[in-house]
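The values are calculated or read from the model by the stated rules, or taken from the named source; none is laboratory data. Everything numeric here is computed off the predicted structure, so don't read it as measured data. So basically every Cβ, Gly included, is an ideal-geometry build from the backbone, and we count neighbours across all protein chains shown. With ligands, DNA and RNA removed, areas are computed over all heavy atoms of the protein, side chains included. Shrake-Rupley method; radii C 1.70, N 1.55, O 1.52, S 1.80 Å.
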Amino acid sequence: VDQRITSSKSSKKHSPHTHTMSNIYESAANTLGLFNSPCLAKVELRVTCKGISDRDALSKPDPCVLIKMKSHGQWLEVDRTEVIRSSISPTFSKVFTVDFYFEEVQRLRYELYDISSNHNGIKEADFLGAMECTLGQIVSQRKLTKPLLKQGSTVSKSFIMVTAEELTGNDDYVELSFSARKLDDKDFFSKSDPFLEIFRMNDDDTLQLVHRTETVMNNLNPVWKTFKTSLNSLCSGDHDRPLKCTVWDWDSNGKHDYIGEYQATFKEMRGAMDGRQVQWECINPKYQIKKKNYKNSGIVILNQCKVIHNSLSFTHSFHPSSVAIDFTASNGDPHNSCSLHYIHPYQPNEYLKALVAVGEICQDYDSDKMFPAFGFGAQIPPDFKCYCVCVLFWVFPTYVYGCAGIQGVVEAYQTCLPKLQLYGPTNIAPIIQKVASSASQEMHTKEAMQYFILLILTDGVITDMADTREAIVQASHLPMSIIIVGVGSADFSDMQMLDGDDGILRSPKGEPCLRDIVQFVPFRNFKHGSPAELAKTVLAEVPNQVVDYYNNKGIKPKVPSEFESSRTFAP
């Protein structure tokens, strides 16, 4: 948004008219609190503690961290780490995945407890200290280190460090199932108690803990529980990134015995996707040097590797977005202050507020930010084309120009509105059919390349309801979704029916929709509320609609090539 505003500001000295349009856009965005409100991002948080005070001289603490989020003045527990036995400087393998809204102050509280081995309840646990911060602080610093506080004062030299990593690139998940055989026995009176740790090698050669398995007691041939981790966490989307895997023999005093290690890549792990096993020799370098006949310290086996496509992973395909604006007479005369299209030199009308609010959300999912923009329901003067530099798309007649981002649509709207006569009828079936014709061409590609989103802004009653139902039913077979935003205070019962949440939408002939592709949002419910809530509502159904389409077609989401990296996945 800032880049677009900077661009428009630089052109003000050349065009007073651009100055006015830029003011309108800025006013709409400021009114809605959108300048610093990018769309929702998902962030993974990891926790490490240092220098935890011992309970007594005879035993070390068994730490566990609770993460809480403030909601309506109360701290509510979101999740908690695993318990690590006998450790004063634990690195927890538990990953917290949270939704990050740039426009909200999301307050977090990390509480550290010492949980006795006799019970896991927090009520009986010893409180060791807490740290409060905002999610924005963690994300901006990437690594936030703060002292633990207890009753307002620091707890000796105890610190907690929280690292943040945004889920970017590929946010699919991978499910892994490991076992081992013939591991070295490190105990005198029993067998080893093995657990496995997997670390990702970062670009700066540091190691990031990805997962720590549970401990399998008294067993040299352990089978560890299946676990799930994001592909972003595992390898930052780079299938050839080195992974360091270490096997330990657990000891109750926290001084675990080293058994051995091996290196792997996700590319190698994928060999277990077709039911085959992949295995590595677990090597202890010291034994390898000292023992002449040393082979290994055991074999680690990957029994299963399963990729789970996250619903939002399909949004990495291109999403050409189209905008359609209602210019029917029921909106009121644009020169009248009561009109939804009221022309004010500095203040945004209802359509502009809705366009900026919803458009800013949708354009984050558009690949080229070029918006086909449709206008419907107006009478157009014969020489209309001459008036506009960037004209709106019209169904009758159609002028083929694109608008650069939502600001481009706003400027085209501002340019066109004074030249039009609001008229009628409110026919939206031709617009759906227009976008559907483009989406139908995508069906033949057999891969997840382009998915089309049509954003319709209208003030109410549709006059071609039967044709619209037919158009939506036909479009449900295509890579396409429709977001309808109701502007004003009219009766939107027809729109609710098109949404299909109360039942399957059918054509006049009785043919049902193959899948739900319509999301209706009455803007009046959100124009004074949080942009985050609007974003959540507008996009609530779209990801599943995308997934449903590609699943029905048996098409997997497009992922980067194994052999080339066209984009950066992680910092």
Legend entry - Equivalent-ellipsoid semi-axes of segment 38-166, from the Cα gyration tensor, Å, largest first: 26, 14, 14
Inset, instruction - Treat every Asp and Glu Cβ in segment 173-308 as -1 and every Lys and Arg Cβ as +1, leave all other atoms uncharged, and give the resulting dipole magnitude about the Cα centre to the nearest 20 debye. - result: 420 debye
Legend entry - Relative contact order computed over segment 173-308 (Cα-Cα under 8 Å; 6+ residues apart), in percent: 30 percent
Legend entry - segment 173-308, accessible surface, carbon-and-sulfur percent (1.4 angstrom probe): 49 percent
Legend entry - Potential lengthening between Val105 and Thr206 on full extension [0.36 nm per residue; Cα-Cα distance subtracted]: 33.3 nm
Inset, instruction - For Cys338, tell me the accessible area in Å² from a 1.4 Å probe, rounded to the nearest 10. - result: 120 Å²
Inset, instruction - Of the listed pairs Lys94/Lys267; Lys143/Lys369; Lys50/Lys70; Lys369/Lys434; Lys68/Lys225, which have alpha-carbon separations greater than 22 Å here? - result: Lys94/Lys267; Lys143/Lys369; Lys50/Lys70; Lys68/Lys225
Inset, instruction - For an R0 of 45 angstrom, estimate the FRET efficiency from the Cβ-Cβ distance between Asp251 and Asn551 and round to the nearest 0.05. - result: 0.40
Inset, instruction - Just read off the accessible area of Phe520 with the full protein assembly in place, 1.4 Å probe, to the nearest 10 Å². - result: 10 Å²
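Order of 286-293, 464-471, 211-218 by packing, highest average Cβ count within 10 Å first?
The densest-packed peptide leads the list: 464-471, 211-218, 286-293.
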Legend entry - Modelled FRET efficiency - R0 35 Å, Glu82 with Arg524, Cβ distances, 0.05 increments: 0.15
Legend entry - Amide hydrogen neighbours beyond the local backbone of Val210, cut-off 5 Å, H modeled: Ile198, Phe199, Arg200
Legend entry - Convex hull volume per residue in cubic angstrom - Cα atoms of segment 169-211: 114 Å³
Legend entry - Point-to-point label distance, Ser177-His72, nm (Cα→Cβ direction, 7 Å offset): 4.3 nm
Inset, instruction - Once you have the Cα-Cα distance between Lys306 and Thr463, take 0.36 nm times their residue separation minus that, and quote the gain in nm to one decimal. - result: 51.6 nm
Inset, instruction - Using a 1.4 angstrom probe on the protein heavy atoms only, line up Leu128, Leu302 by accessible area, largest first. - result: Leu128, Leu302
Inset, instruction - For segment 38-166, with all protein chains present and a 1.4 Å probe, just round the carbon and sulfur fraction of the accessible area to a whole percent. - result: 49 percent
Inset, instruction - Excluding Glu77 itself, calculate the net charge of residues whose Cβ lies under 12 Å from the Cβ of Glu77, where each Lys or Arg counts +1 and each Asp or Glu counts -1. - result: +2
Inset, instruction - Using only alpha carbon pairs under 8 Å that are at least six residues apart, calculate the relative contact order of segment 38-166 and give it in whole percent. - result: 31 percent
Inset, instruction - Please list 241-249, 405-413, 268-276 highest first by mean number of surrounding beta-carbon atoms within 10 Å per residue. - result: 405-413, 241-249, 268-276
